[in-house]
Each structure stands twice: as structure tokens, then as C-alpha cells.
Amino acid sequence: MKEIIIDTNFAIIPFQFKIDIFQEFKNIIGKQYKLLFPKICLEELKKTSYKDETLKLLKAKNVDFIDVGIKKNVDDSILEYAKEKNACIATQDKELKKKALKEGLCVITLRQKKYLKVI
């Protein structure tokens with residue numbers, strides 16, 4: 001089963017752009033997958049205006065909250081976990097995308113503020 005790690009900026013897409021990312025995951029993955037949200041991202045999420053709605057939605061969609069360990073920063077922690085588990089990273093963060101692709105990892109991103117795409 002493929003694991004998909006959702007970072008903070010990706011988790012708030014449903015509220016920023018009114019896109020059902022969970023339906024989009026079904027459309028683009030097409031097989032069994034497990035959605036994960038790193039606990040380390042909770043501090044970042046608390047700084048957004050969408051924190052309550054996002055947490056409620058993640059829990060309603062049975063997203064697993066996971067420990068990814070602590071590296072230099074949140075992005076490095078996510079990247080290391082993804083490398084260990086060969087997981088996809090769902091992010092809008094340009095630097096994290098770049099690092100993940102360099103490592104040969106699957107990246108899911110928002111395109112044209114309308115749909116998700118695997119790159």
C-alpha cells in the first residue's frame with residue numbers, strides 16, 4: 001500500500017482553493033493508499049487561519065497522524081521519512097518538491113489551482 005505524506009500547506013488546500021483533495025487522491029492514485037500527516041506539522045498548522053477546520057477534516061478522512069522524527073527542520077524530517085518508507089509527498093513547497101524529486105520520490109502537487117498531479 002502506497003503511503004502519501006501530506007504536509008501543512010497541502011492540508012489547507014481544501015479551504016484555500018475549495019478542492020476536494022481526498023477525491024483527487026482517489027482519481028490520481030487509483031490503488032490502495034494510506035494518507036499520513038506528520039505530527040511535526042501540527043505547530044505549522046496552528047499558525048494558519050484554517051487550523052481547526054483542517055484538523056477536523058484530516059480526522060474525518062481517517063488520515064493517520066505520524067511521528068517522522070526530528071531532523072534539521074520539518075521538510076528534512078518529512079523527506080527522510082519518505083525516503084525510508086518510499087512514500088509520496090503531497091506538497092506545494094518548492095524546495096521540498098525539488099529535494100524529493102532529486103531523491104527519486106513521488107510528489108503530488110496542485111496544478112492550476114484546480115487539480116492534483118503526480119510528478
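Laboratory data are not the source of any read-out in this text; all were calculated from the coordinates shown. Quantities reported herein were computed from a predicted structural model and do not represent experimental measurements. Reconstructed Cβ throughout: ideal geometry from the backbone, glycine too, with neighbour counts over all protein chains shown.
Structure values in brief
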item	result
Average Cα contact separation per residue, segment 2-118, under 8 Å, 6 or more apart, as relative contact order %	33
Cα gyration tensor category, rounded, prolate or oblate, for segment 2-118 with a/c compared to 1.5	rounded
Exposed-loop-free span, longest in the chain, where trypsin sites (Lys or Arg not before Pro) count as exposed if DSSP calls them loop and at most 15 other C-beta atoms lie within 10 Å	73-112
